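*Asks:* One structure, pasted below without further comment.
The values are calculated or read from the model by the stated rules, or taken from the named source; none is laboratory data. Nothing here was measured: the structure is a model prediction, and the numbers come from that model. Every residue, glycine among them, receives a Cβ derived from its backbone with ideal geometry; neighbour counts consider all protein chains shown. Side chains included, ligands, DNA and RNA excluded: accessible areas come from the protein's heavy atoms. Shrake-Rupley method; radii C 1.70, N 1.55, O 1.52, S 1.80 Å.
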Amino acid sequence: MAIVIGSNFGYTVIAAVGITLQCFATAMGVNGARKKYNVKFPDNGGGRYSDKLSDEDWVAFNNIKRTSDNYLEQVGMVLVALVLAGLYQPKLAASFGATYMLGRFAYARGYVAGGADKRIYGAPIMGVSFLALVITAGYNAVTTTVLA
């Protein structure tokens, strides 16, 4: 079976662009934190510049940095799952992508404002959204090839 990319795949592309821009914005937040707390490159929160921070500022900087790092750790998997799911069901995939973005927003806001314990508000939303993308891609791939 050939996959025909229809006009609805644009919804998937919009979701992918949104996720990419959100990831970029999260990284820019780290740049702002570097300026605010005077943590210069190549210090990633555990080096010479960070050692000069108060405990409170060190935690605040690292909370911001971890939100960005976590996004970067996951964005590749999420975008691949989004595009693969979108080849079969573009609107459904885009809705899962949008839900992932909402979860990512809640995760980052919670983490930055209240520390690692507060990331729990967004983490389940992100996890379920990602899992839904993987299941959508996998199910459709199997049903159109192996079971066809």
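*Asks:* Tally time: how many residues in the stretch 102-139 are open to solvent by less than 30 Å² (accessible area, probe 1.4 Å) and modelled with pLDDT under 95?
*Replies:* 1
*Asks:* Looking at the stretch 4-25 only, could you name the residues that are under 30 Å from Lys52 (Cα atoms) and either open to solvent by 30 Å² or more (accessible area, probe 1.4 Å) or not in a helix (DSSP H, G or I) (or both)?
*Replies:* Once the filter is applied, which keeps residues that are under 30 Å from Lys52 (Cα atoms) and either open to solvent by 30 Å² or more (accessible area, probe 1.4 Å) or not in a helix (DSSP H, G or I) (or both), the stretch 4-25 yields Phe24, Ala25.
*Asks:* Going through the stretch 121-135 one residue at a time, which ones are touching a helix residue (DSSP H, G or I) at 6+ places or on another chain (Cβ under 7 Å) and of a type outside the set (Ser, Thr, Tyr)?
*Replies:* If the condition is that a residue be touching a helix residue (DSSP H, G or I) at 6+ places or on another chain (Cβ under 7 Å) and of a type outside the set (Ser, Thr, Tyr), then Gly122, Ala123, Ile125, Met126, Phe130, Ala132, Leu133, Val134 are the ones that fit.
*Asks:* Any chance the stretch 90-101 includes a residue that's at negative phi and either in contact with a Gly (Cβ under 6 Å, 6 or more places away or on another chain) or part of a loop (DSSP other than H, G, I, E, B) (or both)? Break it down stepwise before answering.
*Replies:* First pass over the stretch 90-101, keeping only residues at negative phi: 90-101.
Those left that are additionally either in contact with a Gly (Cβ under 6 Å, 6 or more places away or on another chain) or part of a loop (DSSP other than H, G, I, E, B) (or both): 93, 101.
Yes, some residue in the stretch 90-101 is at negative phi and either in contact with a Gly (Cβ under 6 Å, 6 or more places away or on another chain) or part of a loop (DSSP other than H, G, I, E, B) (or both).
*Asks:* Name the residue, out of Lys91, Lys118, Lys65, Lys52, that is basic (Lys, Arg) and touching a residue at least 60 places away in the same chain (Cβ under 8 Å).
*Replies:* Testing whether each residue is basic (Lys, Arg) and touching a residue at least 60 places away in the same chain (Cβ under 8 Å) leaves just Lys91.
*Asks:* Within the stretch 48-71, how many residues are in a helix (DSSP H, G or I), open to solvent by 70 Å² or more (accessible area, probe 1.4 Å) and of a type in the set (D, E, K, R)?
*Replies:* The total comes to 5.
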